[in-house]
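These notes concern the structure reproduced below.
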Amino acid sequence: MARDYYDILGLSKSASEREIKSSYRKLAMKYHPDRNPGDKKAEEKFKEISESYEILKDPQKKAAYDQYGHAAFSQGSSGGASGGFSGFGSGGFSDIFEDMFGMGGGSERRSASTGSDLRYDLSISLEQAYSGDQVEISLAVATKCEVCNGSGASKGSQPKQCSQCGGYGKVRAQQGFFTIERTCAACSGVGEIIGDPCRSCKGQGRVNKNKKLSVNVPAGVDNGTRIRLSGEGEAGARGSSPGDLYIFIDIKDHSIFQRDGKDTFIEVPVSFIDAVLGNSIQVPCIDDSKAKMNLSAGTQSGTRLRMKGKGMPGLRGGSRGDQYVQINVETPVGISRKQEDLFKQIKDLGVDKISPKTSRFKKLIQ
């Protein structure tokens with residue numbers, strides 16, 4: 001007496017379609033002959049599992065089985081499965097691999113591959129990165145042929161379905177229990193054959209042209225920021241969808257500013273007198289403004305000061321970064337005789353107290 005299909009799959013009659021497929025997948029993987037070479041029991045078990053799934057996965061066959069049992073298929077009136085590997089062409093184990101690896105059914109017609117994505121490196125200034133800009137670019141790209149409207153066929157003629165792949169664009173080959181899809185060599189994956197090609201594009205449906213585009217560069221972009229322009233890449237063959245254009249931002253070096261994320265850095269030379277007395281100085285900012293900064297008396301060279309909120313804006317909004325100012329005290333050069341005399345007078349008054357680091361170093365090397 002034949003075993004119950006539900007019992008073979010370890011299920012109850014109330015099992016859902018999802019539960020039936022899940023149980024079959026686990027058992028088929030476990031008992032498949034390729035995983036159990038030479039094991040006759042595993043092979044028989046696999047045949048039982050495959051036969052059970054062929055019936056229970058089909059709502060009509062399942063309903064007949066639930067009502068009449070194996071007798072529903074004893075005369076072949078419902079086209080019952082014969083067991084073994086026979087069900088693979090229309091479902092069975094191939095269904096599982098289509099779910100796992102995204103392999104679609106072989107009956108529907110698929111369009112040609114989309115055009116290739118393209119890359120364009122766009123160099124901008126730090127000021128443009130700060131404020132954002134609208135930049136026009138020009139590039140050579142394959143665009144849809146206007147003569148044949150991308151079909152690749154000459155006027156008055158129509159492409160014909162590829163007989164090799166049936167218009168699918170791919171052909172399948174069985175390797176063990178795997179089904180491998182390959183691009184159809186006859187039509188190059190398009191699914192159609194052109195008997196009378198367009199003279200302008202030679203049947204490709206696209207021609208190379210120089211194209212100008214306006215690129216919106218948002219404020220706050222940084223090196224490596226990628227901007228995607230959908231559908232502005234290479235046109236697909238014979239009217240299929242175009243690819244995308246990716247703009248990669250490259251920010252040119254600035255003459256006085258450096259950048260790290262949202263923060264900017266600048267080195268500001270300060271006169272010896274301003275550093276000694278602690279005067280105020282004007283510091284440029286990336287937004288083309290100038291800010292007043294008060295120095296403390298005796299400011300040392302290399303001192304770093306922070307200007308909150310004077311850096312770069314965030315790419316997606318939010319607060320601005322900070323600007324860091326490094327003070328570089330400049331030693332006087334080319335002084336006059338009178339200025340030299342004044343510095344000598346200061347030295348005669350004693351420099352140990354006003355130059356403590358220098359004094360300590362002299363003591364160390366004595």
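Oblate is the label for segment 128-173. Its Cα gyration tensor axes, ordered a ≥ b ≥ c, give a/c of at least 1.5 and b/c at or above a/b. Measuring from each cysteine beta-carbon in the chain, the ones with no other cysteine beta-carbon under 4.7 angstrom are Cys285. Calculated on the alpha-carbon coordinates, the convex hull of segment 326-366 measures out at 118 cubic angstrom per residue.
Against the chain, whose longest principal axis is taken from its Cα atoms, helix 337-348 shows a tilt of about 90°.
Among the DSSP beta bridges whose two residues both lie in the chain, what percent are antiparallel, rounded to the nearest 5?
Antiparallel: roughly 70 percent of the beta bridges in the chain.
In order along segment 22-39, the phi-based Karplus estimate (6.51 cos²θ - 1.76 cosθ + 1.60, θ = phi - 60°) of 3J(HN,Hα) comes to 5, 5, 4, 4, 5, 6, 5, 4, 6, 9, 4, x, 5, 8, 9, x, x, 8 Hz; Gly and Pro are listed as x. Using helices alone, I'd like the mean residue ellipticity at 222 nm for the chain: each DSSP H run of four-plus residues gives -39500 (n - 2.57), total over residue count, nearest 500. For the chain, the value works out to -7000 deg cm²/dmol. With both labels modelled 7 Å from their Cα along Cα-to-Cβ, the Ala42 to Ala291 distance reads 7.1 nm. Taking a ≥ b ≥ c as the square roots of the eigenvalues of the Cα gyration tensor, segment 114-249 is classed as oblate, since a/c reaches at least 1.5 and a/b does not exceed b/c. Hey, what's the Kirkwood Rh for segment 260-366 if you take every pair of different alpha carbons, in angstrom? Evaluated on segment 260-366, it is 16.3 Å.
Among the DSSP beta bridges whose two residues both lie in segment 216-366, what percent are antiparallel, rounded to the nearest 5?
Here the share of antiparallel DSSP bridges comes out near 70 percent.
By the rule of a C-alpha distance below 17 Å, with chain neighbours fewer than 8 residues away ignored, the aspartates and glutamates paired with Lys344 are Asp352. Taking 25 Å as the straight-line reach from the Cα of Lys13, the lysines in range (excluding those fewer than 8 positions away in the same chain) are Lys21, Lys26, Lys30, Lys45, Lys47, Lys57, Lys61, Lys62. For the pairs Lys252/Lys292; Lys160/Lys202; Lys144/Lys202; Lys262/Lys357, flag any whose C-alpha to C-alpha distance is greater than 24 Å. Table pairs above 24 Å Cα-Cα are Lys252/Lys292; Lys262/Lys357. In whole angstrom, the chain maps to an equivalent ellipsoid with semi-axes of 77, 34, 17, each derived as √(5λ) from the alpha carbon gyration tensor and ordered largest first.
Scanning residues 5 or more positions from Lys211 or on other chains, those with amide H under 5 Å from its amide H are Leu139, Ala140, Val141, with H placed 1.01 Å from N in the peptide plane. The Cα center of segment 52-72 and the Cα center of segment 336-353 differ in position by 109 Å.
Every number in this text was worked out from the coordinates using simple rules, so none of it is lab data. Values in this document were obtained by computation on a predicted structure and should not be read as measured data. Counting neighbours? That spans all protein chains shown, and the Cβs are built from the backbone with ideal geometry, glycine included.
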